[in-house]
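*Asks:* Have a look at this one.
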Amino acid sequence: MSGPRRARAAPIPRDGLRPRFWERHALHELTPREWEALCDGCGKCCLNKLEDEDTGEVAFTRVACRLFDDATCGCVHYEVRHHFVPECVTLSPENIHLHAYWMPSTCAYKLLAEGQDLPEWHPLLTGDPESVHTAGISVRGRTVSEFEVPEEDWEDHIVEGEP
């Protein structure tokens, strides 16, 4: 496993939200808690990606951000992550269309921005934060930390398709 260790992270809070808010409201109408609840906890956005300068094609690696906890698929310092990783992208309804090209195809933010539905395994539909892991969608247990792999070796860790 990679990255710093800590007690198992609490699941993304999904209690007290408007029923099926993602179907009834546009992304820009969501509350901050609803926006955060869209995250399925897969961890794929925390993987370092390589973009081909000529084609624009994005390749996922199994090299995770230095703040990624492989056991929980969460950020060990989420609230203050920009202090440690200034380049970490904060997705918002205003910028999701700029970043959707490198987001995983299963990402709720990307799917909803493109007018698609949430996948059946999404925790908002199942009520179970483990459903993303049970469905085999997350990268739990499959990453290496960028502390362990020099950037010049990331190409050696490209995964075929999406992780």
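*Asks:* Which one is nearest to the chain's Cα centre (by Cα), of the residues in the range 19-40 that are free of Cβ contacts under 8 Å to residues at least 60 places away in the same chain and surrounded by 17 or more Cβ atoms within 10 Å (Cβ to Cβ)?
*Replies:* This residue is TRP35.
*Asks:* Pairs only if they're at least six apart or on different chains, beta carbon under 8 angstrom, first in the range 147-159 and closer than 10 Å to VAL63 by Cβ and at pLDDT 95 or above, second of a type in the set (D, E, K, R) and part of a helix (DSSP H, G or I); list them, first residue then second.
*Replies:* Pairs found: VAL149/ASP156.
*Asks:* I'd like to know if the range 65-80 contains one or more residues that are surrounded by fewer than 16 Cβ atoms within 10 Å (Cβ to Cβ), among the aliphatic types (A, V, I, L, M) and in contact with a strand residue (DSSP E or B) (Cβ under 6 Å, 6 or more places away or on another chain).
*Replies:* no
*Asks:* When you go through GLY115, GLY141, GLY136 one by one, which is the residue that is part of a loop (DSSP other than H, G, I, E, B), of a type in the set (Gly, Ala, Ser) and more than 21 Å from LYS49 (Cβ to Cβ)?
*Replies:* Criteria check complete, one pass: GLY115.
*Asks:* Sticking with this structure for a sec: All but one of (1) in a helix (DSSP H, G or I); (2) more than 20 Å from GLY74 (Cβ to Cβ); (3) touching a Leu at 6+ places or on another chain (Cβ under 8 Å) hold for ASP156, so report the exception by its number.
*Replies:* Exception for ASP156: condition (3).
*Asks:* Right, next: In the range 92-120, which residues are touching a helix residue (DSSP H, G or I) at 6+ places or on another chain (Cβ under 8 Å), in contact (Cβ under 8 Å) with a residue 24 or more places away in the chain and among the hydrophobic types (A, V, I, L, M, F, W, C)?
*Replies:* ILE96, MET103, CYS107, ALA108, LEU112, ALA113, LEU118
The values are calculated or read from the model by the stated rules, or taken from the named source; none is laboratory data. What you see is a predicted model, and the numbers here were worked out from it, not measured in a lab. Neighbour counts run over all protein chains shown; Cβ positions are idealised from the backbone, glycine included.
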